[in-house]
Amino acid sequence: SLAGFGSLMQDVLWCFSQVKGTIDTGVTEADIISTVEFNHTGELLATGDKGGRVVIFQREQESKNQPHRRGEYNVYSTFQSHEPEFDYLKSLEIEEKINKIRWLPQQNAAYFLLSTNDKTVKLWKVSERDKRPEGYNLKDEDGRLRDPSMITVLRVPVLRPMDLMVEATPRRVFANAHTYHINSISVNSDYETYMSADDLRINLWNFEITNQSFNIVDIKPANMEELTEVITAAEFHPHHCNTFVYSSSKGTIRLCDMRTAALCDRHAKFFEEPEDPSNRSFFSEIISSISDVKFSHSGRYIMTRDYLTVKVWDLNMENRPIETYQVHDYLRSKLCSLYENDCIFDKFECVWNGSDSVIMTGSYNNFFRMFDRNTKRDVTLEASRENSKPRAILKPRKVCVGGKRRKDEISVDSLDFSKKILHTAWHPSENIIAVAATNNLYIFQDKVN
């Protein structure tokens with residue numbers, strides 16, 4: 001039972017599929033969800049997919065007539081953010097896939113978000129329009145210019161109510177600054193700047209300036225044959241606008257202070273856990289690569305995700321993490337086959353809940369894991385259509401490694417590695433989570449008593 005897991009008893013709130021038609025029609029590559037992100041209030045949830053589309057969901061107000069519909073999320077706006085491009089100088093195709101979405105805090109009636117593919121970051125404005133002007137003098141109702149000789153009276157244009165229309169317009173396009181693929185974007189706490197990171201460089205942008213960015217990290221060696229590591233993720237501190245972290249494929253994290261120098265090649269802090277020689281294998285370097293790094297909401301801790309574990313680091317202790325959680329340790333014996341089918345290179349994300357007390361990350365077979373930092377309890381849950389009927393309680397899943405298998409367990413040999421939870425998001429203040437399972441978006445929330 002999940003009752004012992006405190007507030008994390010999960011109940012399906014709503015399930016959304018981006019598959020057109022029925023589930024049997026198959027999944028196109030363009031429908032696969034590539035990023036999920038709540039806005040700062042949690043009222044909106046944005047997803048990006050490999051087809052370059054952004055779908056925004058809005059939380060409905062609670063209904064007194066239907067109390068069980070506890071604020072469902074419904075489609076608010078859909079727009080094409082990026083299109084496929086071709087770099088003729090390098091004979092290189094640039095995918096339209098949305099790598100990351102980041103929301104800006106809401107300052108007025110409109111919403112703003114950043115979306116990026118491999119090369120170009122765009123700032124989008126999402127606004128509502130429920131009135132239209134009528135009664136122009138120089139144009140007719142269809143927008144065509146009228147013959148000036150036919151205008152005999154002066155009319156005052158008026159605003160008439162119309163059906164609500166949500167418009168998404170690109171306000172800024174930040175391009176031509178990255179030689180390599182962008183893997184991260186992060187909005188600074190000053191809300192005037194943001195950074196974008198690729199494999200070897202991190203650039204700092206001002207929201208008002210699109211034709212110039214400052215290179216704040218550059219790890220490209222003079223001779224590319226000497227390249228030993230790449231940048232895998234980067235994020236600004238939630239409160240200090242001068243501080244940011246970035247992780248590497250060697251399993252290290254560097255904390256940088258922009259007050260020290262314009263080019264932050266020298267880190268202020270360096271976080272690395274010494275490797276146990278007895279555990280060393282051919283796959284050690286691959287599975288130690290960090291796929292995601294996240295500051296806690298308090299700014300005191302950093303969470304990192306590598307292939308097998310989630311680690312929590314205290315900013316004041318660099319030599320080892322204060323907490324290590326095994327996500328799917330039963331896969332250690334399967335690393336050889338995971339290497340052959342390229343699954344070992346999958347990049348899983350990790351998220352904090354609003355109070356930094358619980359962390360969540362994905363796994364295979366559409367499993368996702370939750371770890372309670374206070375009680376040290378953990379649970380494995382599954383996002384699937386079979387067990388995601390409305391109001392159904394998610395049952396914990398267990399993986400059997402060997403020997404006799406219990407009735408409620410699943411054998412490690414029967415796990416489906418094509419079904420994977422790479423992208424997850426947690427509501428900033430409530431126990432509502434969004435889980436992207438290939439082309440399906442599942443939203444779960446607390447059990448309503």
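The values are calculated or read from the model by the stated rules, or taken from the named source; none is laboratory data. Please read all numbers here as calculations on a predicted model, not as lab measurements. Don't worry about glycine lacking a Cβ; one is built from the backbone with ideal geometry, like all the others, and counts go over all protein chains shown. The protein model used for the area step is the full one, side chains on, heavy atoms only, and it has no ligands, DNA or RNA in it. Shrake-Rupley method; radii C 1.70, N 1.55, O 1.52, S 1.80 Å.
For the reader, a short list of remarks on this structure follows.
- For Pro238: the one exception among (1) under 20 Å from the mean Cα position of the chain (by Cα); (2) outside any loop (DSSP other than H, G, I, E, B): (2)
- Considering (1) out of contact with any Pro (no Cβ under 9 Å at 6 or more places or on another chain); (2) outside any loop (DSSP other than H, G, I, E, B); (3) over 30 Å from Asn39 (Cα atoms), the lone condition that Glu93 does not fulfil carries the number (1).
- Condition check for Leu338 on (1) of a type in the set (A, V, I, L, M, F, W, C); (2) more than 17 Å from Asp446 (Cα to Cα); (3) touching an Asp or Glu at 6+ places or on another chain (Cβ under 7 Å): one failure, at (3).
- Of the residues making up region 257-287, those that are closer than 23 Å to Met317 by Cβ, open to solvent by less than 70 Å² (accessible area, probe 1.4 Å) and part of a loop (DSSP other than H, G, I, E, B) are Met258, Cys264, Ala268.
- Among the residues of region 405-418, those identified as loosely packed, with under 15 Cβ neighbours inside 10 Å and within 20 Å of Asp346 (Cα to Cα) are Asp413, Ser414, Asp416, Ser418.
- Considering each residue of region 214-232 in turn, none proves to be of a type in the set (Asp, Glu) and open to solvent by less than 30 Å² (accessible area, probe 1.4 Å).
Residue-by-condition table, conditions (1) farther than 20 Å from Glu37 by Cβ; (2) in contact with a helix residue (DSSP H, G or I) (Cβ under 9 Å, 6 or more places away or on another chain):
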site: Leu338; (1), (2): yes, yes
site: Asp342; (1), (2): yes, no
site: Lys347; (1), (2): no, no
site: Arg373; (1), (2): yes, no
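- Listed conditions (1) touching an Asp or Glu at 6+ places or on another chain (Cβ under 8 Å); (2) closer than 24 Å to Leu164 by Cα; (3) assigned to a loop (DSSP other than H, G, I, E, B) are all met by Lys119, apart from (2).
- Verdict on Thr252 being open to solvent by 30 Å² or more (accessible area, probe 1.4 Å) and among the hydroxyl-bearing types (Ser, Thr, Tyr): no
- Filter result for Arg129 (outside any loop (DSSP other than H, G, I, E, B), closer than 23 Å to Val75 by Cβ, among the basic types (Lys, Arg) and modelled with pLDDT of 85 or more): no
- The residue that is surrounded by the most Cβ atoms within 10 Å (Cβ to Cβ), counting only those in region 419-436 that are more than 15 Å from Leu45 (Cβ to Cβ) and over 13 Å from the mean Cα position of the chain (by Cα), is Lys420.
- The condition (being under 20 Å from Pro84 (Cα atoms), under 32 Å from the mean Cα position of the chain (by Cα) and among the charged types (D, E, K, R)) is satisfied by just one residue among Asp130, Asp198, Asp190: Asp198.
- Residue in region 125-138 that is among the hydroxyl-bearing types (Ser, Thr, Tyr), touching a residue at least 12 places away in the same chain (Cβ under 8 Å), closer than 28 Å to Phe38 by Cα and touching a Phe, Trp or Tyr at 6+ places or on another chain (Cβ under 7 Å) present: no
- Under the condition of being open to solvent by less than 10 Å² (accessible area, probe 1.4 Å), assigned to a loop (DSSP other than H, G, I, E, B) and over 16 Å from Phe444 (Cβ atoms), the residues counted in region 346-378 number 1.
- When region 319-345 is filtered for residues that are surrounded by 15 or more Cβ atoms within 10 Å (Cβ to Cβ) and in a loop (DSSP other than H, G, I, E, B), the ones remaining, listed by number, are Pro321, Val327, His328.
- Only residues that are open to solvent by less than 100 Å² (accessible area, probe 1.4 Å) and not in a strand (DSSP E or B) were counted across region 149-170, and they come to 5.
- Residue match in region 66-75 (condition: under 22 Å from Ser213 (Cβ atoms), part of a strand (DSSP E or B) and either touching a residue at least 12 places away in the same chain (Cβ under 8 Å) or open to solvent by less than 50 Å² (accessible area, probe 1.4 Å) (or both)): no
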